[in-house]
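Participant: I am attaching a structure below and will ask some questions about it afterwards.
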Amino acid sequence: MSAHLQMQTLASQRLHADRLIVATNRGPVEYALSQDNELKHQRGAGGLVTALLATGNRLQVTWVAMAMTEGDHVALTEARQHGGLLPSPLCCQKMQLRYVAVPKTMYAQYYEQISNRILWFLQHSLHGPDAAAPARWLQDAWTNGYTVANQATASWGVAGS
């Protein structure tokens, strides 16, 4: 049995599936518009993308991510004409991409206020336990940004499974 087939069998046994749904902020592919208004792609940035990208070599993966760039929004519009999914343009991937768009103000609350301003520091153990009580902006960003944006992403993941 080849090493690739052994890895695929092991992954399938461990996951009890041949398919994986990943839901993240950043996707494995970032789209941009060229000067000629052509849609171009590049590998997405970030540690989570780096860590999980190889799963698409072994399993059927549906990767749900936020549409972050203007190019992502154009790709999302094109994907809607084909059931909402895009095949990954990255080499050797058994992966479909699903971008989720939320209003810019909601995304700013979700990403800038909660993810960057709060969660990043908590994840890296840089938040002091004696910090001041949360301000109103935090409650608003949590309720009207972070929670709603994550529900939008999760609802597709559940519906797509």
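Participant: Among the listed residues Leu97, Leu90, which satisfies the condition of being buried (at least 16 other Cβ atoms within 10 Å of the Cβ) and under 24 Å from Asn150 (Cβ atoms)? Even if it seems obvious, please write down each step before you answer.
Facilitator: Values: Leu90 fails: under 24 Å from Asn150 (Cβ atoms).
Within the list Leu97, Leu90, the selection yields Leu97.
Participant: Pull up region 1-45, narrow it to residues that are closer than 29 Å to Tyr146 by Cα, surrounded by 14 or more Cβ atoms within 10 Å (Cβ to Cβ) and of a type in the set (Gly, Ala, Ser), then point me to the one that is modelled with the highest pLDDT.
Facilitator: Ala32
Participant: So how many residues does region 136-155 have that are of a type in the set (A, V, I, L, M) and in contact (Cβ under 8 Å) with a residue 40 or more places away in the chain? Lay out the reasoning, then the answer.
Facilitator: Initially, region 136-155 is screened for residues of a type in the set (A, V, I, L, M), giving 138, 141, 148-149, 152, 154.
Among the residues that remain, those that are also in contact (Cβ under 8 Å) with a residue 40 or more places away in the chain are: 148-149, 152, 154.
Residues flagged as of a type in the set (A, V, I, L, M) and in contact (Cβ under 8 Å) with a residue 40 or more places away in the chain within region 136-155 amount to 4.
Participant: List the number of the failed condition for Leu48; all other conditions in (1) touching an Asp or Glu at 6+ places or on another chain (Cβ under 8 Å); (2) within 13 Å of Gly27 (Cα to Cα) hold.
Facilitator: Failing condition for Leu48: (1).
Participant: Step by step: first the residues of region 76-108, then only those that are of a type in the set (Val, Ile, Thr) and more than 17 Å from Gly44 (Cβ to Cβ), then the one that is nearest to the chain's Cα centre (by Cα). Which residue is that? It would help to see each step written out before you state the result.
Facilitator: Here is the first cut: in region 76-108, the residues of a type in the set (Val, Ile, Thr) are 77, 100, 102, 105.
Then drop every residue that is not more than 17 Å from Gly44 (Cβ to Cβ), which leaves 77, 102, 105.
Working: Thr77: 17, Val102: 13, Thr105: 18 Å.
Residue satisfying both the conditions and the ranking: Val102.
Participant: Could you list, in sequence order, the residues of region 48-77 that are among the charged types (D, E, K, R), over 19 Å from Ala154 (Cβ atoms) and either modelled with pLDDT of 90 or more or part of a strand (DSSP E or B) (or both)?
Facilitator: Residues of region 48-77 that are among the charged types (D, E, K, R), as a first pass: 58, 70, 72.
With over 19 Å from Ala154 (Cβ atoms) added as a condition, the list becomes 58, 70.
Scanning region 48-77 gives a single hit, Glu70.
Participant: Right, here's the next one. Out of (1) closer than 20 Å to Ala154 by Cα; (2) touching a residue at least 12 places away in the same chain (Cβ under 8 Å), what's the single condition that is false for Arg80?
Facilitator: Result: Arg80 fails condition (2) only.
The values are calculated or read from the model by the stated rules, or taken from the named source; none is laboratory data. Given the structure is predicted, the values throughout are model-derived calculations rather than measurements. Neighbour counts are summed over all protein chains in view; Cβ atoms, including those assigned to glycine, are modelled from backbone coordinates with ideal geometry.
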